[in-house]
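Q: Mind having a look at this structure? Questions to follow.
The values are calculated or read from the model by the stated rules, or taken from the named source; none is laboratory data. Keep in mind it's a predicted model, so treat the numbers as computed, not measured. We place every Cβ from the backbone using ideal geometry, glycine too, and count neighbours over all the protein chains shown.
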């Protein structure tokens with residue numbers, strides 16, 4: 001099995017190293033990841049600047065390709081350029097991200113956007129994130145990634161669909177199981193903290209707080225809170241089909 | 001009516017000027033837009049850097065606020081900081097973008113992401129794009145934006161839903177009408193053109209070509225080709241509900 005790995009925390013992130021080590025047991029791994037951290041880049045791609053690819057060495061061994069671009073760029077350049085004349089990957093995994101990618105944050109996530117790009121290309125794909133920013137223990141998530149990799153290659157998802165996986169940051173024996181979930185809808189109250197720089201010019205830092213955590217057990221965030229692994233099937237067709245007929249009834253004319 | 005405008009081509013883009021001029025007839029306009037071009041930034045937000053806001057003057061008059069961030073940043077900072085103690089906008093319009101935002105490109109679009117952010121906040125919102133990169137004539141699109149603004153404020157969409165509008169680049173009398181459409185699914189064949197810089201270092205430019213144009217008249221791109229204005233209702237819940245039950249049947253365990 002040929003496995004393509006990427007992430008949005010950058011090629012030197014510990015979560016990617018943990019993932020690479022784990023999945024090396026079941027396949028041949030190629031790593032193509034951003035040279036620097038690319039969190040919250042959404043589904044950005046680089047059109048106005050050229051992309052460069054550098055060999056990235058870790059512990060004196062070739063580890064992967066570092067790209068001066070976004071996670072989506074990495075998947076594109078891996079598939080269409082770096083692996084162009086080589087056997088195509090059987091699977092794309094993006095992660096293991098430091099921090100959950102659940103609820104509304106799914107749309108800002110570079111980790112998820114890389115898996116989206118995999119699904120666009122037609123590769124079985126999943127994104128995997130660890131629900132913490134402090135004291136990460138990637139062991140359970142890495143082990144689960146191996147298990148899921150084998151399942152996803154055996155049982156194909158419909159075209160254009162991939163999995164967004166979020167793992168609670170607890171030892172494996174404290175994980176209660178796996179839930180198939182939906183993207184939560186909890187809103188954020190955003191705050192921009194105004195500050196002055198040493199030259200007395202104003203600037204803002206974005207912070208935000210979730211309005212409420214949803215209680216439905218099928219919501220991704222709720223599953224994590226209850227120490228379940230949350231798996232949400234995701235697609236990139238943003239059309240809201242349920243309102244098409246009523247919109248037609250509006251009879252909008254030019 | 002209080003109208004918030006933004007875009008992804010940058011605050012000095014002609015499409016934004018045309019939109020601002022047109023909608024000034026029906027409301028009080030506030031412009032908060034990226035200081036520089038931010039195309040294909042997807043739904044990126046700026047977390048690692050501070051945001052700055054500058055007054056932007058055009059023809060010796062205050063035109064709007066220029067933000068060193070993405071379109072999504074602009075909507076957030078407008079709503080949560082710049083307009084914090086003022087009456088909230090009744091409507092958000094993002095555009096008029098130079099170039100269509102249809103099919104798979106919808107997910108890369110900064111223009112669309114700004115309208116997504118409006119929908120998240122709970123504002124009636126639409127994105128509007130002109131389907132050309134050359135010889136743009138914004139007149140018909142700007143006139144239609146005014147009409148749609150009045151409709152969208154009168155007939156609310158369900159929570160979390162907004163409209164992605166694409167207008168063919170022809171004079172108004174050549175537009176055949178308005179179609180309520182869905183996001184096209186045509187794939188791209190991507191190509192990375194390798195080049196050498198003057199220092200003999202390799203770099204790549206991303207280019208791409210659509211595999212086929214879909215023939216279903218309800219597809220956004222097809223509507224444009226047939227000189228219709230395409231309106232696709234969009235939401236930001238990426239969950240693929242149709243596969244949830246079958247995924248549960250997989251009985252994935254840790």
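Q: Being outside any loop (DSSP other than H, G, I, E, B), facing chain B (nearest Cβ under 8 Å) and more than 20 Å from the chain's Cα centre (by Cα) is the filter; apply it to the range A:196-241 and report the residue that is modelled with the lowest pLDDT. First the steps, then the outcome.
A: Initial filter on the range A:196-241 (outside any loop (DSSP other than H, G, I, E, B)): A:196, A:202-210, A:219-225, A:228-235, A:239, A:241.
Still in the running and facing chain B (nearest Cβ under 8 Å): A:202-206, A:229, A:231-235, A:239, A:241.
Applying the additional criterion that residues be more than 20 Å from the chain's Cα centre (by Cα) yields A:202-206, A:239, A:241.
Numbers: A:202: 94, A:203: 95, A:204: 95, A:205: 94, A:206: 90, A:239: 98, A:241: 97.
Among residues in the range A:196-241 that are outside any loop (DSSP other than H, G, I, E, B), facing chain B (nearest Cβ under 8 Å) and more than 20 Å from the chain's Cα centre (by Cα), the one modelled with the lowest pLDDT is A:206.
Q: Can you tell me which residue within the range B:161-184, out of those that are more than 7 Å from chain A (Cβ to nearest Cβ), in contact (Cβ under 8 Å) with a residue 60 or more places away in the chain and farther than 17 Å from residue B:138 by Cα, is surrounded by the most Cβ atoms within 10 Å (Cβ to Cβ)?
A: Checked the range B:161-184; the qualifying residue surrounded by the most Cβ atoms within 10 Å (Cβ to Cβ) is B:162.
Q: Failed condition for residue B:144, given (1) within 11 Å of chain A (Cβ to nearest Cβ); (2) touching a residue at least 60 places away in the same chain (Cβ under 8 Å); (3) closer than 18 Å to residue B:235 by Cβ, with all others met?
A: In the conditions (1) within 11 Å of chain A (Cβ to nearest Cβ); (2) touching a residue at least 60 places away in the same chain (Cβ under 8 Å); (3) closer than 18 Å to residue B:235 by Cβ, residue B:144 misses (3) alone.
Q: State the number of residues belonging to the range B:135-157 that are farther than 22 Å from residue B:2 by Cβ and in contact with a strand residue (DSSP E or B) (Cβ under 9 Å, 6 or more places away or on another chain).
A: Total satisfying the criteria: 4.
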